[in-house]
Each structure stands twice: as structure tokens, then as C-alpha cells.
1. Restricting attention to segment 118-138, does a residue exist that is under 23 Å from the mean Cα position of the chain (by Cα), more than 19 Å from PHE283 (Cα to Cα) and aromatic (Phe, Trp, Tyr)?
2. Give the residues of segment 103-143 that are open to solvent by 60 Å² or more (accessible area, probe 1.4 Å), closer than 26 Å to SER176 by Cβ and touching a residue at least 24 places away in the same chain (Cβ under 8 Å), sorted by residue number.
3. Give LYS99, LYS117, LYS90 a once-over and let me know the one that is of a type in the set (Lys, Arg), within 30 Å of PHE310 (Cα to Cα), touching an Asp or Glu at 6+ places or on another chain (Cβ under 6 Å) and at pLDDT 95 or above.
4. On the given criteria, is PHE233 surrounded by fewer than 22 Cβ atoms within 10 Å (Cβ to Cβ) and closer than 30 Å to TYR104 by Cα?
5. Report whether or not GLU216 is within 30 Å of GLY26 (Cα to Cα) and acidic (Asp, Glu).
6. Within segment 387-399, track down each residue that is modelled with pLDDT under 95 and either under 10 Å from the mean Cα position of the chain (by Cα) or closer than 17 Å to LYS253 by Cβ (or both).
7. Can you confirm whether segment 285-302 contains a residue that is free of Cβ contacts under 8 Å to residues at least 40 places away in the same chain, closer than 28 Å to VAL389 by Cβ, among the charged types (D, E, K, R) and out of contact with any Ser or Thr (no Cβ under 6 Å at 6 or more places or on another chain)?
8. List the strands (runs of 3 or more DSSP E) inside segment 238-317, counting only whole elements, that have at least 2 residues being closer than 29 Å to ASP33 by Cβ and open to solvent by less than 10 Å² (accessible area, probe 1.4 Å).
Amino acid sequence: MLRRAIRSYGGTFARAIGSAGVAYGGIPKETADVVVVGAGVVGIAVARELASRGREVLVVEAASTFGTGTSSRNSEVIHAGIYYPPRSLKASLCVKGRKLLYKYCCERGIPHRQTGKIIVATSFAEIPKLEHLLRSGKENGVEDLRLMEGFQAMQMEPELQCIKALLSPSSGIVDSHSFMLSLVGEAENSRTTFSYNTTVIGGHIEDNFLHLHIYESKGLQNGTNDARLLPQFVLIPRLVINAAGLSAVPLAKRFHGINQGILPTAYYARGCYFTLSKTKTPFSHLIYPLPEDGGLGVHVTLDLIGIVKFGPDVEWIVGVDDISCFTNRFNYSVSSDRSEKFYPEIRKYFPNLKDGCLEPGYSGIRPKLSGPGKPPKDFVIQDEDIHGVPGLVNLLGIESPGLTSSLAIAQCIASKYSK
């Protein structure tokens, strides 16, 4: 699969210096201009942007198609930029990305809706936290935030219960699959090649280039974690974008020659969603409690066909081996027993929720750079100036608001690495 993709790709770098042939212990090698590792929403957006600016791009993805990981297992919310520390990458890229995303969706007919979001304080002790979010959001450039008394919020949403609330009119929802499908089409129209079922298991630096170690996904055994696993193929790009999402940190740590001291520790937070049944849709806005350890709390999100979802909760996962991470072999099942913890959390702001109305939905894994009880960390974008590896950009800890920020991240990368 990969060899066919490379042959059809035929980048200018490969034509300029020629195929590297069968060197390095008899393992086949090929060269490329740009390789993006990971076909999640950020990887696809970066590939599209680089290709539109003249780079010849190959996207390698361990799964059988695009967007099967975190990109398709989230709330599909367009965030305004409220929660993140001022002057952080999350803040600036979310605010810019939100504007780009709405514009992109409007121009191309991508299903989306600017629903607005209401963040609620359900006790007097939570009011200072709500006021902090207001200040933080305004400092981040979210100009339309409005603090409301509880009765004002409850007039807007009669099923809601709260003491005070923060209205974010610019928050919304998007059909993430349609968005990614559009990005893939535009990337391919700009001559980007996608190679699925293709896992990058590591790499090494040779002749001032990062050599990527490639293995067909179907050949990787569940639980294999041998750092000495030999590649089936070696790919030598001018530029590597590590947009591997859940596996971005463990992959970077398997690039032999990189300064391990500058790479953060990876943490994984699993979150489950439940859907509302047996009742009509109670809300027209997104409803969020105040953030909790590891996430934004069990909130109400809507999708474009009217399904109401509650989630995600937070379950920290430990003991994930590299190869299982590369091939996304996580447990995504949702036990109905978890709903017992959802009901009391939801009833803090939706007291009329009836027993038996929650049905298991889906789950997702968030790639985090801070663990339980620690404050959330910012996105990490590392280039040669930080890690010392020529032609490598690591995108690490791209959790929420990664979907909202994707087009802004792409522009940030392409502004430095376009032709």
C-alpha cells in the first residue's frame, strides 16, 4: 500500500535526489518532500494548507481511513476561546481557528450551527470561577460574552437550573466528518497523497534527515512494544509533521537522536457520552457546568439532527503500550453502569432529568500533557529550534480545542514551511 502511494506521490525531493534504494540493512527506502503523520483533523488541515502553498505532501495514517481517533470521538463543539490562559497557544489558536472554521463551513456548505453556549454556576461558591472565565475569555479576545443572573438564563432555557450563567453566543457545533471529508478532498485536489493502514513506529537521524520507520498496520501484533522492531520501509522526507494525536508523544520518543528531555509525558483521559432518550430535546443552547479536573465537566451538547448528548466524564488510563497507541487499540466501549455517575452531575443544572433516560453513546480518548490533579497544559508545537532535529515539527497534546483550532494550526505551520 505504502509503496504504491509513494510511487503515485513522486515528490520533487524524490525526483531531485533520487530513490535511496535498498540501503540501511536491506530495508527499502524512498524520499519525499513533506510527510504528515496522522490523518486526524489537524493532520489533514496541515496537509491541505501546505499542499495549497506548493509543497508535495504525503499523509500516512495507521487506520484504514481518516479521522478515526480523537477527531471523530468528541463533542463536535466549536469553542469560542474562553477556558484557556491568556497568551497561550490554546487561546490564540482557538479564537483564530473559530473564525476560520465558521468562514470555511459557510463558504462550503459544511453542516454547522452557531447555537451559543451557557456556562452555569449552580452554587454560590462557583460564582467566582464563572467571573474568572468571563475575564479570561475577554482577555483572549472573545468579545461577546455576557454574565447573566440565573433567572435570565432560565428564561432562555426553561429546563435549566442555575444561580448565575455566562453566555457565549459565538460557540456552536459542526459536523466533524463532513468538515474532514472536505479537507481531504481539497488536499487531494492539491496533489496530496494519503496512505492508510501505514504506521510510523519510530525513526532515526541520518545525513541530517529524519528517517521514518514504517510498518504496515495489519502486521503489528496487539501489545507489541519492542523498541527494536525493524521497519518494513524507511521514508526520508524534507519535512515531517508529527500530527499523530494520541500517539504523537510516544512516537516522538522513538525518534532516535531527539533530545528526550524536551519531550513531555503523555497522559490519556477516556471520556464517555450518554444520549438522551424518551423525551423531547430540552435545550437549544449548549449547557456547560464549570470545568473539572481533566475536562470541561459533563455538559450538554447537541448534534445537527437533534440528538442530545451528555459527557464526557474523565477516566484516566494507564499502562498504554506504544504499538497499541499507534494503532488506536483503546477500549471505546461504554458501560451502562457509568450512567449512575452521570445522573447526579446532570441534575445539578437539569433537575427534571428522569431515571432511565440516558443510553450509552460513545467514548473518546483525550491526549493530555498533564495528569490527575494537575492544571491543564498548553498545546506544544516543537520545531528544530526546540528539539534540534532538522525538518521535524511535533504537535503534542492537541486535545480540545483542537477541532476548533485546526485551520489556525495549519496556517501557523504553513506560514513557516510553505515554499
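The values are calculated or read from the model by the stated rules, or taken from the named source; none is laboratory data. Quantities reported herein were computed from a predicted structural model and do not represent experimental measurements. Here the Cβ positions follow ideal geometry from the backbone for every residue, glycine too, while neighbour counts run over all protein chains shown. For accessibility, only protein heavy atoms count, side chains too; no ligands or nucleic acids. Shrake-Rupley method; radii C 1.70, N 1.55, O 1.52, S 1.80 Å.
1. no
2. ARG108, ARG113, GLN114
3. Exactly one of LYS99, LYS117, LYS90 is of a type in the set (Lys, Arg), within 30 Å of PHE310 (Cα to Cα), touching an Asp or Glu at 6+ places or on another chain (Cβ under 6 Å) and at pLDDT 95 or above, namely LYS90.
4. On the way: surrounded by fewer than 22 Cβ atoms within 10 Å (Cβ to Cβ): yes; closer than 30 Å to TYR104 by Cα: no.
In short, no.
5. yes
6. Of everything in segment 387-399, those that are modelled with pLDDT under 95 and either under 10 Å from the mean Cα position of the chain (by Cα) or closer than 17 Å to LYS253 by Cβ (or both) turn out to be HIS387, GLY388, VAL389.
7. Looking only at segment 285-302, we keep the residues that are free of Cβ contacts under 8 Å to residues at least 40 places away in the same chain, and these are 292.
After this cut, where a residue has to be closer than 28 Å to VAL389 by Cβ as well, the list is none.
Within segment 285-302, not a single residue is free of Cβ contacts under 8 Å to residues at least 40 places away in the same chain, closer than 28 Å to VAL389 by Cβ, among the charged types (D, E, K, R) and out of contact with any Ser or Thr (no Cβ under 6 Å at 6 or more places or on another chain).
8. none
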